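Here's the structure, in structure tokens; my notes come after.
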Amino acid sequence: MGTTAFRGARLLLPVALCLLAAAPVLADTQSLTLRQAVEIATKNNPEIVSFRKESGILDASIMRAGLLHNPTLEIEGETGALTGSRADSTLSLGVSQEFLLGDKRNKRRMVVERDAAAYRWQVLERERDLKEQVQGAYYDALLAGERQVLTNKSIELNKQLLQVAEDRLAAGDIPELEMYLVKVELARSEGARIDTERTFIEAGARLFSLLALPAGESPSLSGSLDDDRLQIGTLAELKRLALDHRPDLKAARAAAVKSDAEVTLAEAEAIPNLTAGIALAREASSMEISGVEGRETAYTVGLKFSMPIPLFDRNRAGVQEARARQSGAETRAKAAVASVEREVESAWASLVNAEKVVSLYKSSVLRQLEENLKLTQEAYRLGEVGILAVIEEQKKFFEVSESYLTALHARQMAITKLESAVAADMNGGAQ
């Protein structure tokens with residue numbers, strides 16, 4: 001019996017050592033990196049592409065704001081045919097032009113230009129949100145893949161354990177119940193594999209949807225959850241980066257600057273515009289003296305100036321409306337700064353906690369778990385423990401390994417949140 005147990009333990013030991021050597025990682029043949037995924041998403045995402053194209057509307061508005069009003073052509077004709085003076089007639093041809101006073105044209109263009117600047121920052125803000133979504137989906141897919149590998153290892157180990165149990169049953173060392181217990185454990189592992197495969201497919205579909213890839217195109221992923229090459233600065237440095245780089249803050253500031261320009265324009269709108277015109281008139285008339293009818297034609301050139309009198313409306317309502325918008329924009333800009341700082345603080349605290357959890361697993365939990373599994377295997381080899389102890393220790397090993405993967409995933413998600421909150425890579429470069 002001792003010889004058979006020793007032979008079974010030799011079969012179990014290589015597999016266990018493979019599991020203990022390192023955490024499960026994806027294959028090296030994968031090709032799509034996280035950076036490539038973000039670049040593809042920002043290039044192909046239909047919503048982002050449509051927002052970029054619609055920025056041309058604001059370019060057209062800038063062009064329109066800088067144009068002069070079209071001149072007005074005026075033609076007027078009069079005849080005396082209906083009043084018995086057939087020979088009397090007047091024909092006038094004139095052109096008038098409205099001139100904007102108070103430098104309104106440049107001020108209108110300034111408002112539209114600042115509106116365009118705010119819109120472009122809003123597009124970059126949508127890109128920042130998309131990048132965070134892509135990173136989260138990418139790490140979800142990596143986690144699903146790592147769990148698949150872990151489940152496959154569990155199945156492999158249970159198959160080896162089943163072979164050992166069958167050999168020991170044939171030698172009469174164990175009851176038949178022990179073999180059935182191992183078969184149940186193997187079936188449970190195979191069921192878990194089906195579930196992890198479904199999760200992996202769903203995570204990949206979500207990622208590829210964000211990348212706007214054609215149907216049926218599913219590139220493999222390149223990366224690992226256990227990537228701690230990131231260098232994180234102090235909280236004060238991260239806040240400074242966020243205040244310098246966050247596109248939503250820049251959009252709020254651009255909106256506040258636009259509101260200032262709107263107030264200036266509203267005050268200028270109180271100045272009435274001048275309309276100047278020039279007209280050429282021909283007047284034909286007839287006169288009868290002593291039975292003799294004579295005709296006379298006269299040509300005149302006239303100038304015309306008109307301007308509204310700002311007696312009742314001096315655009316007070318427009319100025320009040322613009323100042324209300326200005327106050328609201330300034331309030332939103334100040335609130336955005338405070339909100340960003342709180343977001344950075346929260347993301348930084350989450351990352352610090354995630355790092356502590358991962359360090360705890362690496363420093364003590366995993367090492368102790370490995371030692372416990374080795375001792376249990378050795379005790380089983382010596383016949384000091386039964387099969388239930390081995391199964392229980394294997395369950396604990398895989399459960400803790402999965403918890404470790406979850407902790408790694410949580411750390412990567414915390415890094416993603418922090419990068420998004422700062423709107424810059426952790427090395428200080430702007431996104």
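Scan the stretch 40-76 for residues that are assigned to a strand (DSSP E or B) and of a type in the set (S, T, N, Q) and the total you get is 1. Within the stretch 320-349, the set of residues being more than 25 Å from Asp115 (Cβ to Cβ) and crowded, with 16+ Cβ neighbours inside 10 Å comprises Glu341, Glu343, Val344, Ala347, Trp348.
Out of all the residues in the stretch 36-77, which are more than 47 Å from the chain's Cα centre (by Cα) and loosely packed, with under 11 Cβ neighbours inside 10 Å? Those that are more than 47 Å from the chain's Cα centre (by Cα) and loosely packed, with under 11 Cβ neighbours inside 10 Å: Leu73, Ile75, Gly77.
Of all residues being over 13 Å from Ser154 (Cβ atoms) and modelled with pLDDT of 75 or more in the stretch 377-392, which is surrounded by the fewest Cβ atoms within 10 Å (Cβ to Cβ)? Just the residue, please. Break it down stepwise before answering.
Filtering the stretch 377-392 down to residues over 13 Å from Ser154 (Cβ atoms) leaves 377-390, 392.
Within this subset, residues satisfying the condition of being modelled with pLDDT of 75 or more are 386-390, 392.
Numbers: Gly386: 14, Ile387: 20, Leu388: 10, Ala389: 14, Val390: 26, Glu392: 12.
Checked the stretch 377-392; the qualifying residue surrounded by the fewest Cβ atoms within 10 Å (Cβ to Cβ) is Leu388.
Tell me yes or no: at least one residue of the stretch 253-268 is touching a Phe, Trp or Tyr at 6+ places or on another chain (Cβ under 7 Å) and either outside the structural domain of Glu345 (by TED's automatic domain parsing) or aliphatic (A, V, I, L, M) (or both). Walk me through how you get there before you give the answer.
In the first step, residues of the stretch 253-268 are kept if they are touching a Phe, Trp or Tyr at 6+ places or on another chain (Cβ under 7 Å); the result is 254.
Narrowing the set further to residues that are either outside the structural domain of Glu345 (by TED's automatic domain parsing) or aliphatic (A, V, I, L, M) (or both) leaves 254.
Yes - at least one qualifying residue is present in the stretch 253-268.
Do we find that Glu98 is touching a Gly at 6+ places or on another chain (Cβ under 8 Å), in contact (Cβ under 8 Å) with a residue 40 or more places away in the chain, assigned to a strand (DSSP E or B) and charged (D, E, K, R) in this structure? Taking the combined requirement at face value, the residue does not satisfy it.
If I filter the stretch 271-282 for residues that are of a type in the set (Ser, Thr, Tyr), at pLDDT 85 or above, at negative phi and surrounded by 13 or more Cβ atoms within 10 Å (Cβ to Cβ), do I get at least one hit?
For the stretch 271-282, residues of a type in the set (Ser, Thr, Tyr), at pLDDT 85 or above, at negative phi and surrounded by 13 or more Cβ atoms within 10 Å (Cβ to Cβ): present.
Residue-level check: of (1) exposed (fewer than 12 other Cβ atoms within 10 Å of the Cβ); (2) in a helix (DSSP H, G or I); (3) touching a residue at least 60 places away in the same chain (Cβ under 8 Å); (4) of a type outside the set (Val, Ile, Thr), Ala317 misses just (3).
Can you tell me which of Ser401, Ser364 is touching a Pro at 6+ places or on another chain (Cβ under 9 Å), at pLDDT below 90 and assigned to a helix (DSSP H, G or I)?
Details: Ser364 fails: touching a Pro at 6+ places or on another chain (Cβ under 9 Å).
It is Ser401.
Within the option set Glu113, Glu125, being crowded, with 17+ Cβ neighbours inside 10 Å and either touching an Asp or Glu at 6+ places or on another chain (Cβ under 8 Å) or free of Cβ contacts under 8 Å to residues at least 40 places away in the same chain (or both) holds for one residue only, Glu125.
The values are calculated or read from the model by the stated rules, or taken from the named source; none is laboratory data. Please read these numbers as outputs of a predicted model, since none were measured by experiment. Neighbour counts run over all protein chains shown; Cβ positions are idealised from the backbone, glycine included.
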